[in-house]
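Novice: The structure follows.
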Amino acid sequence: MAHLIRAARTAQYLAVRALTVHGLGHPLTFALLAAASTAAARAWDRGHPVDAIHTAPGQRARRAR
């Protein structure tokens, strides 16, 4: 199931890059945002909590301890 988290992170990363390069109105940005949301929804449906995809810096520090 780790592949679902990895897919969601990758899709989100690519969407942010497209947003930065092309802006919000670009069709590629829309497509990548849709892919990112779909991947995150699949991970959620399989029982992964949202923070498994994106953790806040404070949460990462606490987990490392």
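Novice: Once you list every other residue whose beta carbon is under 11 Å from the beta carbon of ALA43, what net charge do they have if Lys and Arg are +1 and Asp and Glu are -1?
Specialist: Once all neighbours under 11 Å are counted, the net charge is +3.
Novice: Here's a follow-up. State, to one decimal in nm, how far the label point of ASP45 lies from the label point of ALA2, with both points 7 Å from Cα in the Cβ direction.
Specialist: In this crude spin-label approximation the distance works out to 2.4 nm.
Every number in this text was worked out from the coordinates using simple rules, so none of it is lab data. As the structure is a computational prediction, the values presented were derived from the model and not from experiment. Heads up, the Cβs are rebuilt from the backbone with ideal geometry, glycines too, and the neighbour counts pull from every protein chain shown.
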